[in-house]
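Notes to accompany the following structure.
Nothing in this text is a laboratory measurement; each read-out follows from the coordinates by a stated rule. No experiment lies behind these values; they were computed from the predicted model shown. We place every Cβ from the backbone using ideal geometry, glycine too, and count neighbours over all the protein chains shown.
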Protein chains: 2
Amino acid sequence: MTHGTELKRRPSRTRRLLSVFDGEALSPPPVWLMRQAGRYLPEYRATRSKAGGFLDLCYNPALAAEVTLQPIRRYGFDAAILFSDILVVPDALGQKVSFVEGEGPRLSPLADGKAIAALSLEGANRTFSVIAETVQRLRQDLPAETALIGFCGAPWTVATYMIGGQGSSDQATARSMAYRDPQAFQALMDLLVAASVAYLDGQVRAGADLLQIFDSWAGSLPEDEFDRWVIAPTRDLVAEMKRRHPGVPIIGFPRGAGEHAARFVRETGVDAVGCDTAMPLGQIRATLSGRTVVQGNLDPLLLVAGGARMKERVRQIVGKLGVNPFIFNLGHGIVPQTPPAHVAELVAIVRDTKQTG
Amino acid sequence: MTHGTELKRRPSRTRRLLSVFDGEALSPPPVWLMRQAGRYLPEYRATRSKAGGFLDLCYNPALAAEVTLQPIRRYGFDAAILFSDILVVPDALGQKVSFVEGEGPRLSPLADGKAIAALSLEGANRTFSVIAETVQRLRQDLPAETALIGFCGAPWTVATYMIGGQGSSDQATARSMAYRDPQAFQALMDLLVAASVAYLDGQVRAGADLLQIFDSWAGSLPEDEFDRWVIAPTRDLVAEMKRRHPGVPIIGFPRGAGEHAARFVRETGVDAVGCDTAMPLGQIRATLSGRTVVQGNLDPLLLVAGGARMKERVRQIVGKLGVNPFIFNLGHGIVPQTPPAHVAELVAIVRDTKQTG
């Protein structure tokens, strides 16, 4: 089966973005943007309004594929990213997940080890197969040159929502449980690794060319906890995916990892690292660029502002990082108030860059 | 007047904590904790309930001095920190500030340059003199060996509240205004530098031994913006305070500064740097320790958990950082659910450390 996937992937080097994983520094660099399918697009809002709740949209393969394709039609990005959500995994594990308009996700929080032990992988594949169907449709409908990215949340970040019950700026509830009951927390990590493997495996078999693991809350942890709850589960997840699908590149996005980023890459075995907005280009160049594929890192708020400052910063990023294998992206997701015209402008600026370094 | 302050300060080297600013590595290190006066203490909650609103407590010198003293009586910390709030400055500048129980501060947000231009330093000194009165009382009531820390919020962090109207995890509103209208934003920075100088100057004249500048949201900015909105205003503030009170040490606390921390110290001229919870000890040791006074960085949630892991981590921190001039602290403020007994335990562990490095 792995072999079948490989056979399907080989001719895909016509998908330009994948060449960076062969060590090529492309000029101009390939470009896609985190949350490129989303509320800033009027066509997304129109489709979204037909779907019912947010998870209903994720679980409707026709509509989810449609919103995935919308930014590709508009901007011709080098990659599409499956429209889904990192909280599909807790939902598939039997935890109640809902989305409150304008406030974000709400989950019935896991209070202790008993609540964690009550979760089960058993029914999860039914949910995952719905998402895989979206991927299948996408592989058929996407232009041949567009790479398709599958994804999941990293175990740590998903756990912060499962334990906290919602987003927070310091992830205090999850961090406290990890201190108070590390055994229970480890059991949750192990379950999330297994669920994420099943989820990503389904996406690859359905046609995803590469994968991204979103660890949005990696930055809040002290070093020992970073090792234990960010690096270790990601390493386990990557190792199992590499065993099953050795040719499928994996991008890690440990947002806020700062000083830990280089070690994260070495120890987890990811093929690329997403750099957040705060990571200085000098640090990326000195510690990551040329050793792994780098992706990033324009401030999404500079995309909202647009104009000369955006242009200057894009050129600075491409000038510094584009001399090595590099994928242009934001340092975090597109925000709803982004003018769609600025995204078109951004893509034009990136495609207009010439490598001089 | 500066001279008078100096005369008062000289004999204060009986205040052990101040010796680290002469380059001494004390064993055991001096210790105080951010937000050591606060809701985790029953006596604080009792005093708080007498005060009315939260700002009423800050503006009541007798009660504010009382809550400042409470943790000193309990734990004998090496320093007391004035009980006040970083939002006293916007309040003094004429912006409406209130505190919603359990939700944090609410301000009527500054929408544009016109709203910024409407702010005025004119009436601010009346407010600042009330705070200075608290400092005066404290200097009389504190034990002779206890250092007294004055403080303010850094211009960037205070501005994020003034523009956003409340706390947020990404400071998007302030960051967007800084991109959209950098002139107006610079005017706000300049005003905040001037107001903070007036505020801190009053605290020093009233008897503060040293100062801390809290930049809780320094971590969200890309490098150019970090230079412009974190480093530059802090440098201006430090320079003016050094001109007025050259002998008064200043601790900068650029939370989330990560890779930027060493440059922050060099370029702002602070005498010490507060390290947040996420900063690895190896990085602190390699880039800060021995070049400046270091303060930090136990995870406040590990203080909630207590026990063997806390003890081990405290010893690790003191072992690595205590060989150079060092102040033991948390990496962020004490949280309300902290058991007071754990704080006593923490102080005992710190005082029991012996330098072997």
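Side notes on the structure shown:
- When every Cα-Cα distance of the protein assembly as shown is counted in 10 angstrom steps from zero, the calculated P(r) takes the values 3, 14, 24, 25, 18, 11, 4, 1, 0 percent.
- Förster radius 35 Å - calculated FRET efficiency between B:Arg39 and B:Asp227 (Cβ-Cβ, nearest 0.05): 0.45
- Inter-part distance where the range B:285-301 and the range A:78-122 are each reduced to a Cα centre, Å: 37 Å
- Plainly put, the tip 7 Å out from Cα toward Cβ on B:Gly333 is 2.9 nm from that tip on each other copy, the closest given first.
- Rel. contact order, % - alpha carbon contacts under 8 angstrom, at least six apart, chain A: 21 percent
- Sorting A:Glu225, A:Glu101, B:Glu259 from the fewest to the most surrounding beta carbons within 10 angstrom yields A:Glu101, A:Glu225, B:Glu259.
- C-alpha center-to-center spacing [the range A:135-157, the range B:134-184] in angstrom: 43 Å
- For the range A:2-352, pairs of C-alpha atoms spaced more than 37 angstrom apart make up 12 percent of the total.
- Relative contact order (percent, whole number), the range A:278-357, Cα cutoff 8 Å, 6+ residue spacing: 40 percent
- For the range B:227-278 versus the range A:218-236, the spacing of their alpha-carbon centroids is 29 Å.
- Magnitude of the charge dipole, the protein assembly as shown, Cβ model with Lys/Arg +1 and Asp/Glu -1, debye to 20: 560 debye
- At 7 Å out from Cα toward Cβ: A:Asn125 inter-copy label distances (nm, ascending): 7.7
- Computed label-point distance, nm, for sites B:Gln337 and A:Val323 using a 7 Å Cα→Cβ extension: 4.9 nm
- Each principal axis of the Cα cloud of the range A:78-165 was evaluated for its coordinate range; sorted largest first, these ranges are 47, 31, 22 Å.
- Charge tally in the Cβ shell below 12 Å around A:Asn324, where Lys, Arg are +1 and Asp, Glu are -1, A:Asn324 excluded: +2
- Whether the range A:23-179 is rounded, prolate or oblate, judged on the alpha carbon gyration tensor where a/c under 1.5 counts as rounded: prolate
- Note on B:Lys242: lysines with a C-alpha under 27 Å away, same-chain residues under 8 apart excluded, are B:Lys8.
- DSSP finds beta bridges in the range B:32-296, and of those with both partners inside it, around 15 percent are antiparallel.
- Shown here is the pair-distance distribution of the range A:141-294: with all Cα-Cα distances grouped in 5 Å bins from zero up to the longest one, the shares run 2, 9, 19, 21, 20, 15, 10, 3, 1, 0, 0 percent.
- Positive-end residue of B:Ser169, B:Phe264, B:Thr292, charge dipole of chain B with Cβ unit charges: B:Thr292
- Computed about its Cα centre, the charge dipole of chain A is approximately 920 debye, with only Lys, Arg, Asp and Glu carrying charge at their Cβ.
- Cross-link partners of A:Lys114 among lysines, defined as those whose alpha carbon lies under 24 angstrom from its own and excluding same-chain residues fewer than eight positions apart: A:Lys96.
- The lysines whose alpha-carbon is closer than 19 Å to the alpha-carbon of B:Lys354, local same-chain residues fewer than 8 away aside, are B:Lys311, B:Lys320.
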